[in-house]
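Data first, discussion second: the structure below is written as structure tokens.
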Amino acid sequence: MNRPMQSSAVPVQLVSLLKMVLLAVGMCLLRGAVAWAGEADMAIPDLHKGTFTIAGRTITAWSLLAYGSSVIVGTLGISLYLRRQIRMLPAHESMLAVADIIYQTCKTYLVQQAKFLLLLFVMISMAMAYYFLVLQQETPKTLGLILLFSVIGMVGSYWVAAYGIRVNT
């Protein structure tokens, strides 16, 4: 007489346990090592000493930065030229009215976003001040430079967004 096979829950539980163990081991192996340093601890290299070889030519880091900056300025010039060309294109009055409504809506959103970002920046600046002045015992000059370049980055991003809104509406 053949007896029906009895299913056992043990292999299913064992497989589930094995999956959990493998997942835990995998997470431990993939986890990054703890670093006790921050961006403020990085040394700023001398750009005149660093060199790169590009297409068989050696170029200093300072020259590479200058060439990159000139590309950015050139791109800005082209962008402003194209904006002028777009403004000179003829458009139907109803299309201009719709574009103006979209522009005003986007501008209102951008102003609200700026207010929020300024409030957020004030809170982050207080945390940065505590971190750099109290915990890291940096000078106020260092904090001022960090905050200055943070503001420059934020203003640049805001300007790009405002420019994009104007060009696209």
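Readers should treat all values here as calculations from the given coordinates under stated rules, not as data from a laboratory. What you see is a predicted model; the values in this text were computed from it and never measured. Here the Cβ is made from the backbone with ideal geometry for all residues, glycine too, and neighbour counts use every protein chain on show.
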Rounded to the nearest 0.05, what FRET efficiency do Q112 and V160 give with R0 = 22 Å and r taken as the Cβ-Cβ distance? Could you check? 0.80
In a Gaussian network model over the chain where Cα atoms closer than 10 Å are linked, find which of L117, L29, L65 has the largest mean-square fluctuation. L29
If one builds a Gaussian network model of the chain from Cα atoms under 10 Å apart, the most fluctuating residue listed among S94, S69, S16 is S16
What list do you get for L76, L147 if you sort them by fewest beta carbons within 10 Å? L76, L147
If Lys and Arg each add +1 and Asp and Glu each add -1, what is the summed charge of the other residues whose beta carbon sits under 14 Å from the beta carbon of C106? +1
Based on the Cα atoms of the stretch 65-169, what semi-axes does the equivalent ellipsoid have, where each is the square root of 5 times one gyration tensor eigenvalue, given in whole Å with the largest first? 38, 21, 5
Within the chain, longest stretch free of exposed trypsin sites (Lys or Arg not before Pro) [DSSP loop, at most 10 other beta carbons within 10 Å]: 50-169
How many nm separate the modelled label positions at L76 and I59, each set 7 Å beyond the Cα in the direction of the Cβ? 2.0
At 222 nm, what helix-only mean residue ellipticity would the chain give, in deg cm²/dmol to the nearest 500, using -39500 (n - 2.57) for each DSSP H run of four or more? -24500 deg cm²/dmol
Please identify, among M123, M154, M27, the residue showing maximal mean-square fluctuation in a Gaussian network model of the chain using a 10 angstrom Cα cutoff. M27
